[in-house]
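The values are calculated or read from the model by the stated rules, or taken from the named source; none is laboratory data. Since this is a predicted model, take the numbers as computed values, not measurements. Positions of Cβ are backbone-derived with ideal geometry, glycine not excepted, and every protein chain shown enters the neighbour counts.
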Amino acid sequence: MKRTAIVTAIPLLLLLASACSTKGGYNPVPGAVRVDPGARFSVGQITDETGFAFPADAEDKLVPEEAMAMALTKALQARGVLGDGMTAAGGGNEGREDPEGGLEAPDGGREAPDAGQWAVDVKLVKYAPGNAFHRWLLPGAGKTILGVVASVKDREGRVAATIPVERSIGFGGAFTVKAWSYVFDEVAEEIADYLADPEKRAGRGS
């Protein structure tokens, strides 16, 4: 390949590489209750702050809060960490009781007083259904985007960690024609991956 062709191809390859991406992370709250390795999670409150609404005459549409709740329930269940609500799961924690409830951990944080049971609230902060035809015409155009912030809470409503996730689909044409719908599954799976894997929660996972 000629040098000029290589130089021309590099920007295109970079565009394609960045056209579909997922950003995520697990951020423990300093000094807060800790999520134990055997934790189970129930889907809590889902709120939509995106301001997006499908046109009333749209043939294909969904309710973002419902789509997120269903997707997260399915993802947690698939990984075997779906809980049965905020009910105590029994003992197993060892430590010294502190005045705020729960057990004092060696690092100054507190282990959950109801070991194993957590709720996951999700705030939808960004949503654009995008357009598969526009993506086919020009990769990067007509992006489907979903951005959320999940909050992991103990029985008392105390936040142990937050999980921000943003999924962007900007390439694929006909292969992504339903991206406006399945993007909720992909975001839910990213959240569930962190919740189900203690190594990822500790920042040691891939």
May I ask you to list the residues in segment 38-56 that are over 15 Å from residue 154 (Cβ atoms), touching a residue at least 60 places away in the same chain (Cβ under 8 Å) and in a loop (DSSP other than H, G, I, E, B)? 49, 50, 52, 54
Just one of 191, 163 is within 11 Å of the chain's Cα centre (by Cα), outside any strand (DSSP E or B), β-branched (Val, Ile, Thr) and at pLDDT 95 or above; which is it? 191
State all residues of segment 1-27 that are assigned to a strand (DSSP E or B) and modelled with pLDDT of 95 or more; if no residue qualifies, say none. 27
Give the residues of segment 146-160 that are touching a Pro at 6+ places or on another chain (Cβ under 8 Å) and not in a strand (DSSP E or B), sorted by residue number. 154, 155, 156
Residues of segment 112-140 that turn out to be at pLDDT 50 or above and either of a type outside the set (Asp, Glu) or within 22 Å of residue 178 (Cβ to Cβ) (or both), as a count: 19
